[in-house]
1. Label point 7 Å out from Phe196 along Cα-to-Cβ: which residues of the range 13-35 have amide N under 17 Å?
2. With only Lys, Arg, Asp and Glu charged, each at its Cβ (+1 for the first two, -1 for the last two), find how big the charge dipole of the range 158-202 is about the Cα centre; round to the nearest 20 debye.
3. Please get the size of the charge dipole for the chain, origin at its Cα centre, with Cβ charges of +1 on Lys and Arg and -1 on Asp and Glu, quoted in debye to the nearest 20.
4. Who wins for biggest fluctuation among Glu72, Glu89, Glu21 in a Gaussian network model of the chain, springs between alpha carbons below 10 Å?
5. What is the sum of charges around Ile185, taking Lys and Arg as +1, Asp and Glu as -1, for the other residues whose C-beta is under 14 Å from the C-beta of Ile185?
6. Tell me the trypsin sites (Lys or Arg not before Pro) within the range 11-50 that lie in a loop according to DSSP and have at most 13 other beta-carbon atoms within 10 Å.
7. Of Ser159, Trp169, Cys186, whose Cα points farthest to the positive end of the dipole of the range 150-189 (charges on the beta-carbon: +1 Lys, Arg; -1 Asp, Glu; origin at the Cα centre)?
8. Set the bar at 19 Å for Cα to Cα. Now go through Lys42/Lys179; Lys42/Lys207; Lys12/Lys191 and name every pair that lies beyond it.
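The numbers here are math on the coordinates, done by the rules we state, and not lab data. Just so it is clear, the model here is predicted, and its values are computed rather than measured. In this analysis, Cβ positions are derived from the backbone assuming ideal geometry, glycine residues included, and neighbour counts consider all displayed protein chains.
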Amino acid sequence: MNRIVLENIAKKYAREWIFREVNYEFMSSQAYVILGSNGSGKSTLLQIVSSFLTPSKGSIKYYADEQEIAIEQMYKHFSIATPYLELPEEFSLIEVLDFHRKLKPFYNDYSNEHITDLMGLSHAKNKLISNYSSGMKQRVKLGLAILSKSDLLLIDEPSSNLDSQSIQWYQDLIQKYRKDRIIVICSNHIKAEYEFCEHEIVMEGFK
């Protein structure tokens, strides 16, 4: 995928417009941050970009080599990490990786052992996810999204539950695997989450 085009995107819940007239173009090999306070609609916009949500008005189009990608095929092209997506708690990390691999390939067809090393979780690879701390679960979510072979990488509040060492791990990992992707981050103005981004979208500008 080399670009995503948003034309007059708007979203309404009940009688309230969350945002209106979002016109924007996302390009490959570029990183974008959607900034806004709680309730500003940044997570909603991220879900629209992912094709999870349909806008109330406007259209979104996806292109690979100038050929439009059908929305129903979009799931093949993106990976995502958000607070509202749950991990299968009854699985071990190795089982999560085996399951994930059936849905989406990892970079360089990495082995499970290599991925657990990259996540910094080799010591807990056979533990059930239910026994992980919130910070370890966030590492799994981020690792799965970043290490998946995808054209579009979407992350909502990446530093959630991470300590300073884990935030540095996130920054290093995303820098290493950002080439040839469209990256979109949602943040409550936490600079460490998006300091590598070249472009900013401020939701308060679309009310």
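1. 27-34
2. 160 debye
3. 280 debye
4. Top of the fluctuation ranking is Glu72.
5. Charge balance in the 14 Å sphere: -1.
6. Within the range 11-50, the qualifying trypsin sites (Lys or Arg not before Pro) (loop, at most 13 other Cβ atoms within 10 Å) are Arg15.
7. The one lying farthest along the dipole's positive direction is Trp169.
8. Too far apart for the 19 Å limit: Lys42/Lys179; Lys12/Lys191.
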